Every structure is written in structure tokens, then in C-alpha cells.
Amino acid sequence: MLYPLHALQRSLLAPFATIAERTAEMLTHQTLWPLPVLRANLALFNRLARPYERTPFGITEVTAHGHAVAVTEETIVTRPFCRLVRFARHSSDPTAAAALARGSVILVCAPLSGHHPTLLRDTIATLLIDHDVYLTDWTDAREVPAAAGPFHLDEYVVYIQDFIRHLGAAELNVLAVCQPTVPVLAAVSLMATRGEPTPRTLILMGGPVDARINPTAVNTFAIEKPYAWFERHMIHRVPGNHPGAGRPVYPGFIQLTAFVMMNPGRHLDAYRNYWFDQLEGGDAGRIHESFYNEYNAVLDMDAAYYLDTVRTVFQEFSLACGTWDVAGERVGPASITTTALYTIEGALDDISGLGQTSAAHGLCAGIPEARKRHFVAADCGHYGLFSGHRWRETIYPTVRDFVRTHAAAEVLP
């Protein structure tokens, strides 16, 4: 009943949120008291009551090689729960076009952990300066018909393997942000075990490779509750007004509540500051709106995948303990020998604690030390790893240089 009740609440509040937004806009230039207070109250009500839907990537142009380069989205592969998307770059300038053609190929594995892949908009736009970028664009489970069957963590691993094979592993760089660090490392491990080509580089950013290290509130919550508790309290069925009607899911609105409750003070401060920004009538609130338009837009995760992740990643630590079997095949990161490994962590990450990602180095014992690198971004939280000035100015240059170094190494005699 929780899902239908939430949907009913949204439908009831949506018209009032729209009225509040339009009235606040009408009062934008009114300075006679108490109109500024009314405007601030209405603007805040709109932000709290409105529905938030997925926003488009909106990346239509980047500057690369000194030229303005057009960008278009192309669907390369379609699966029930994911699309492989290419952000294709185009230029009519022959010199720029030749430079674009030489760009290294990079597959960005977006998280399937609540937010839409559009949360990586800044990541992708920055990577496009130097790379040919592909992305795993995960589908909201409530939009997938129940007839498509469940989606398990094992299938996530298979999806990643299929995408790597499709793009060609030998010249591919793979970047996994947060949650996918675990299934992506598993995917590459299994390919190495089978003797298949593996990606040229593997870049893991802020993920729970070994969630036992420096546990955060996310990790503690997962181990404080038994598996059955998550089955009983977190899983609900999609109501009849969606294509995925009847599918058991971990609903996005519950995830969002969990996100906020992990750091309620920070969000309270953000909304309080937004109210004062609206009271003053400036444009500072636009930054708040842009961030929360993305942050508040969440998707449903298939129940099987969510529960598998809880058990495998956060309760049994199967990858780190060497006990994870995917379709009966043991995951062994030590099998990886030719892929260069780069792990990146934020010193202030409150989602994946410091050390959880770098644990991959110990697991990937077959990779020579000369082909490994680790970087800790100072004064950087979780979202700063892949978005904002720290990502663009500090972290991305190291990613670019790592990719270039190992691309160059491949062509040396």
C-alpha cells in the first residue's frame, strides 16, 4: 500500500506546487513587505512538494582541441534494464575531426543505486574534452514490464561484460563510479579468468570494493539489519499506472528518504539557505535548484538486484572475501594481469569510506605495481569525486593522464 499512497500524495500536491511556483515568479520583483517573505515561502513549498522527474543530459556541445564540438546521444545497444549510449562528437573542421578520431574510448559505468545516470552529467561533459565516451544508462525498473523478469546482480555483471566485448576490450578504458566498482571489477575478473581480452585501464572511483573498511552510515545500516528485514520493509510492488506494474522494487522515494536521513543537517541547511536566497530576490538559489532537481529525481531498483547487492556487497563482502560466484563461476580479481588499475577516493567521502576502493589493489595481485595507481582527493566528499570543480580541476587531469600513459605504453616496441 505504501507505493500507491505515495503516488496519491504526489498527485494531490503537484497542482499546489505548480501554483506556488508561478505565484513566486510573479512576486520576484516585489519588495514591499511582506511580499518577499511570501515569495520565499512559496518558492520553498514548491521545492518540497513538487515531483522530480529525470532531467535530460543536455550535453549538446563541448570545447575540444580548441574547437566548439557538437555532441549527440546515440543508443548503441538496448537491453531491458539498460541502454549503452554513446555521446558522439562531431566537427566540420578537418583538424578537429582528426583529433576527435584519435580520442581514447572510455566506458563510464554509472551507478544503479538510486539516482539516474544523469547525475554524471559533469563527469561525461568533462571526459568528452579528450575521449570518445560511452555510458551505461540504467532504466527505471518501474518502466520495465514484469514480463521481462527479474534483474539480478549477476545479470549486471553480464551486461558489463557484453558492453566491454561490444566496444572491444583491447583499446577500451572503463571508469566505474561508486556502486558499479564491485560488479565491474567482477566482470573484468571473470573475463581474465576465461582468457578473454580485458580493458586497457580500469578506473574505480569511490566504491565499496571492501565495505568492511572505514564503514560509513550506509555500511552500518546494511549490517545492523538482517537480510529478511530488507525483504520485508524495503520491497514494494509497482502500482498499475506504470509499465512495470506488479514488479517488486526498492522504490526511489524510499531511497531518497534514506539519502536525506544519512545527513539531515546538510539538507536542512541547504533549504534554509535557499529560503534566504529567495527572500533577498537574487539568483543564488539557482545553484540549489539545479543540484536538487537532479538529487531528488530517483529511480526504482529491481528487488532482486537490490537484495543481491545488500547481501553480496554489504553483508557478506563476497568480492573482498573471495567467495563470490557469478552463475557458478568464482570471481577472482587476481586473474587480471594486463589491465592497468587506478583507484580514486575522496578524503571526506561519507558514502564509501576511505580505503574501501583502494582495497582493489590487494585483490588484483596479478597486476604489476607499475600498472597501479591510487589517488586520494583532499577535502573531497562523495559527489565531489565526479562533479564540480574538484572533479574538473584536480581529479580529471589525473584520469586523463593515466589513460594517456597506458595508451602510449601499448604502442611502444
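The values are calculated or read from the model by the stated rules, or taken from the named source; none is laboratory data. What you are looking at is a predicted structure, and each value in this text was computed from that prediction instead of being measured. Counting neighbours? That spans all protein chains shown, and the Cβs are built from the backbone with ideal geometry, glycine included.
Results, tabulated for the structure shown:
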{"read-out": "Search result, residues across region 356-413 that are polar (S, T, N, Q), touching a residue at least 24 places away in the same chain (Cβ under 8 Å) and farther than 16 Å from residue 175 by Cα", "value": "356"}
{"read-out": "Selection within region 231-268 - at pLDDT 90 or above, assigned to a helix (DSSP H, G or I), charged (D, E, K, R) and over 18 Å from residue 219 (Cα atoms)", "value": "232"}
{"read-out": "Residue check for residue 304: touching a Pro at 6+ places or on another chain (Cβ under 7 Å) and either closer than 30 Å to residue 52 by Cα or among the aliphatic types (A, V, I, L, M) (or both)", "value": "yes"}
{"read-out": "Close pairs (6 angstrom Cβ cut-off, 6 or more residues apart or separate chains): closer than 27 Å to residue 377 by Cα in region 318-343, part of a strand (DSSP E or B) and not acidic (Asp, Glu) anywhere", "value": "339/202; 340/201; 341/202; 341/372; 342/203; 342/373; 343/204; 343/374"}
{"read-out": "Leading residue by the ranking (nearest to the chain's Cα centre (by Cα)) among those in region 87-112 that are crowded, with 23+ Cβ neighbours inside 10 Å and under 22 Å from residue 303 (Cα atoms)", "value": "110"}
{"read-out": "Options 188, 182: the member that is at pLDDT 95 or above, assigned by TED's automatic domain parsing to the domain that holds residue 326, within 29 Å of residue 242 (Cβ to Cβ) and surrounded by 19 or more Cβ atoms within 10 Å (Cβ to Cβ)", "value": "182"}
{"read-out": "Residues (without any contact (Cβ under 8 Å) to a residue 60 or more places away in the chain, closer than 21 Å to residue 179 by Cβ and within 18 Å of the chain's Cα centre (by Cα)) located in region 270-317", "value": "291"}
{"read-out": "Subset of region 290-338 that is assigned to a strand (DSSP E or B) and modelled with pLDDT of 95 or more - its residue that is surrounded by the most Cβ atoms within 10 Å (Cβ to Cβ)", "value": "302"}
{"read-out": "Subset of region 145-166 [surrounded by fewer than 22 Cβ atoms within 10 Å (Cβ to Cβ) and of a type in the set (A, V, I, L, M)]", "value": "146, 147, 148, 158"}
{"read-out": "Residues of region 1-54 satisfying the condition of being at pLDDT 90 or above and closer than 18 Å to residue 142 by Cα", "value": "54"}
{"read-out": "Any hit, region 56-68, residues being among the hydroxyl-bearing types (Ser, Thr, Tyr) and exposed (fewer than 14 other Cβ atoms within 10 Å of the Cβ)", "value": "yes"}
